[in-house]
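Engineer: Input: one structure, supplied below.
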Amino acid sequence: EDQLHYYSRNMGFVPQDDVMLEELSVLENLFYSAQLRLPSIDRQHLHRIVYDVLRVLGLEHIAHTRVGNVEARGILGGERKRVNIGLEL
């Protein structure tokens, strides 16, 4: 149990199913998630955080691309998974 508590502070859970808004761009999804998780941080600081996440995950080139779904193509599967990871960061 002590080990579980230790690891829970150092790990995040990324769901198997994508949980993002398909109508929004990658940037909008990350910013929206950041606003919900960090409500006390000002918008300018949130933008810096989101752009850092985009850079670290190699998603800068698709920042303004709509996520999409099966009917309306958007980002690729690997990019989609990295966006999911970004939502958890």
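The values are calculated or read from the model by the stated rules, or taken from the named source; none is laboratory data. Every value quoted in this text rests on a predicted model; they were computed, and no experiment measured them. When we count neighbours, we look across all protein chains shown, and the Cβ atoms used for this are built from the backbone with ideal geometry, even at glycine. In case anyone asks, the SASA skips ligands and DNA or RNA and just uses the protein heavy atoms, side chains included. Shrake-Rupley method; radii C 1.70, N 1.55, O 1.52, S 1.80 Å.
Engineer: Can you pull out every residue in region 52-74 that is buried (at least 17 other Cβ atoms within 10 Å of the Cβ) and within 13 Å of the chain's Cα centre (by Cα)?
Structural biologist: Within region 52-74, Val53, Leu54, Leu57, Leu59, Ile62, Val67 meet the criteria.
Engineer: A follow-up question, please. So Ile85 fits all but one of (1) in contact with a helix residue (DSSP H, G or I) (Cβ under 6 Å, 6 or more places away or on another chain); (2) in contact (Cβ under 8 Å) with a residue 60 or more places away in the chain; what number is the exception?
Structural biologist: Every condition holds for Ile85 apart from (1).
Engineer: Another question about this same structure. Scanning region 8-27 for residues that are open to solvent by 90 Å² or more (accessible area, probe 1.4 Å) and not aliphatic (A, V, I, L, M), which turns out modelled with the highest pLDDT?
Structural biologist: Out of the qualifying residues, it is Glu23.
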